[in-house]
Structure formats: C-alpha cells, structure tokens
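All remarks here apply to the structure that follows.
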Amino acid sequence: MLRFFGLFFIVMVGLFVIELLPFGQRYFVEPLTMALTHSSAFFIELFGRELLVNGILIVDSATGFAVQIAAGCNGVEAMILLVAAIVAFPAPWRYKLMGVSFGLVSIQLLNLVRIVSLFYLGIWYKPAFDWAHLYIWQALIMLDTLLVWMVWIRFIPTRQATGAEHAST
C-alpha cells in the first residue's frame, strides 16, 4: 500500500509539473483544450445554436452568452489523477495502457457532455449555470475518474488466476 501511495504521488507530481511547464502547455494542454472547444461547439451547433468560436471561447450569436474552456475545465487534472492511479497500481503494463486509454476517453467524453450542458444551462438559467459549474460538474468529473479506476481494477487478472491458467495449459 505504501508503494502505491508513494508511486502515485511521484507520478502525479511529475505529471502536474509537466502540465505546468511551457512545453506541456504548448504540446498537450493547449491542443487538448482547442480540440475540446471545437468538439463542444460542433455538438452545440448540431442542436441548433449559431456560435462564434474564438480560441477557447464559445459565444452564442443570439444571446451573447459565452463559455471559456480554461484551465480546470479541460479535464487535465482528472486525467493526471487517473494516469497516476493506474500507473501506481500493481498490474501488467498491457492493462495499464488499456486503462489509461479507456479512462482518458471516458473523462473527455463526460467533459464534453459537461461543457455542452453548461452552455445550454447558461443560456436558459444563469444562476443554475454557476452552481452546476462550480459544484455539480466538478464532483461528477472526479467521480467519473474514481469510477473508471475502480472498474479498471476489476478487470485486472489476479496472480492466482494467472497462475491457474498457466497450470491448466
């Protein structure tokens, strides 16, 4: 258990440092945030809104309401926590890579739903937007991260099962 927490902390701090460095921002955070902004705009427009997209800002043409996909809204912190937890957990690397891949996609898909829903909530009822943005969706993204990690753990073969499989062949 101590090994897990130590490795989790080291990987997490390392990834947060990389995220904050200029090359981490330029080559990972900014492209991810731009892709998330354009994906969100695509789905919002699919539901009938006319938008102006400028960098990480999505503006509704009719109402002028805007959302900005800023740091903390792009899911990077949740992704870092998930990667650190998966890497630190004792499992074969093949399963770790599958868990990271599935987990990152899961977090970003939920984040896409988050941004689109917050955009419409902001247009329809601004006080609910603020509350949902600050409390509900932050918790749901972190809960998604925890649930993905817990589901991933369930699919890792145990050493006993792996040994039994080798004995039967």
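Here, each number is a calculation from the coordinates, and none is a lab measurement. Please read these numbers as outputs of a predicted model, since none were measured by experiment. Ideal geometry is used to build each Cβ from the backbone, glycine not excepted, and the neighbour counts take in all protein chains shown.
Please report, ordered by residue number, every helix of the chain (full DSSP H runs) that is 30 Å or longer along its axis going by C-alpha atoms and whose mean Kyte-Doolittle hydropathy reaches 0.5.
Both cut-offs are met by 93-124.
Taken about its Cα centre, the chain carries a charge dipole of roughly 520 debye when the Cβ of each Lys and Arg holds +1 and the Cβ of each Asp and Glu holds -1.
Using only Cα atoms, figure out Rg for the stretch 58-109 and give it as a multiple of 2.2 N^0.38 Å. Provide the component values of the computation, followed by the final result.
Numbers: Rg = 16.0 Å, N = 52, 2.2 N^0.38 = 9.9 Å.
Here the answer is 1.62, to two decimals.
Normalised by residue count, the chain yields a Cα convex hull volume of 133 Å³ per residue.
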